[in-house]
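Notes follow once the structure below has been shown.
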Amino acid sequence: MKTQCITLSLLLFHFMVVAQSAELEKRNGYKDIKLGSHIDSVKECSFKQEITNKEGQVLKVYETKHSDYLKIGEVKVDEVELTTYNGLIYSIKVTAEKDPRLMKGMEMALGKAEWDVRNDQFFWKATSLLLTFKSIEKNKVDLTYTSYPIVQKMKSDLKKKVEEIADDF
């Protein structure tokens, strides 16, 4: 009987985790900004800066000030920053006011978050993306969506460049 209860509990936990990641997969980004989509699909987007990651790849950072993105319910959003690789949205960073309703709403929609001790942040994980929730200042939080397929493309492109160098010897 005891092993049946444990098995049932594990199955329920598994289904809850699958449902959570399914909802995160379905949303695939912030509001109508979708990870992996082209930067031209974002309303009122403007170029902010160009950065180079530690592997030497060039990423472009954009921001949008469109009114559709500046509120989450009643919570004020200060900034929406989009990082792209080859024109595709790789990361979405939303900086908002710290409000306990924000985390409660996210857990209601996406399920209970996990805690990352090393990075001092909460996170939700799905097959193709990661969403982190981190306090950055006394009154601000960052929500960061990261696309795994774009990360894999970046790694693949880097590997191709290394192979081209190796072939050139």
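Structure notes:
- Scope the range 39-77; condition of a type in the set (Gly, Ala, Ser) and either within 25 Å of Leu102 (Cα to Cα) or part of a strand (DSSP E or B) (or both); matching residues: Ser46, Ser67, Gly73
- The residues of the range 99-124 that are surrounded by fewer than 16 Cβ atoms within 10 Å (Cβ to Cβ) and on the phi > 0 side of the Ramachandran plot amount to a single one, Asp120.
- Contacts under 6 angstrom Cβ, first residue in the range 48-74 being touching a residue at least 40 places away in the same chain (Cβ under 8 Å), partner loosely packed, with under 15 Cβ neighbours inside 10 Å, 6 or more apart: Glu55/Leu158
- Against the numbered list (1) modelled with pLDDT of 95 or more; (2) small (Gly, Ala, Ser); (3) part of a helix (DSSP H, G or I), Gly36 comes up short only at (3).
- Flag for Ser21 being touching a residue at least 60 places away in the same chain (Cβ under 8 Å), surrounded by 14 or more Cβ atoms within 10 Å (Cβ to Cβ) and either of a type in the set (Gly, Ala, Ser) or in a loop (DSSP other than H, G, I, E, B) (or both): yes
Let's see how each residue does on (1) under 23 Å from Pro149 (Cβ atoms); (2) surrounded by 13 or more Cβ atoms within 10 Å (Cβ to Cβ):
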position	(1), (2)
Tyr30	yes, yes
Lys48	no, yes
Glu55	yes, no
His66	no, yes
Lys71	no, no
Glu74	no, no
Glu79	no, yes
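- In summary, Tyr90 fulfils each of the numbered conditions (1) of a type in the set (Phe, Trp, Tyr); (2) touching a helix residue (DSSP H, G or I) at 6+ places or on another chain (Cβ under 8 Å); (3) surrounded by fewer than 18 Cβ atoms within 10 Å (Cβ to Cβ) with the single exception of condition (3).
- Unmet criterion (only one of (1) under 19 Å from Ile136 (Cα atoms); (2) modelled with pLDDT of 95 or more; (3) exposed (fewer than 14 other Cβ atoms within 10 Å of the Cβ)) for Ala96: (3)
- The number of residues in the range 126-167 being assigned to a helix (DSSP H, G or I), free of Cβ contacts under 8 Å to residues at least 60 places away in the same chain and not aromatic (Phe, Trp, Tyr) comes to 12.
The values are calculated or read from the model by the stated rules, or taken from the named source; none is laboratory data. Just so it is clear, the structure is predicted and the values come from calculations on it, not from any experiment. Reconstructed Cβ throughout: ideal geometry from the backbone, glycine too, with neighbour counts over all protein chains shown.
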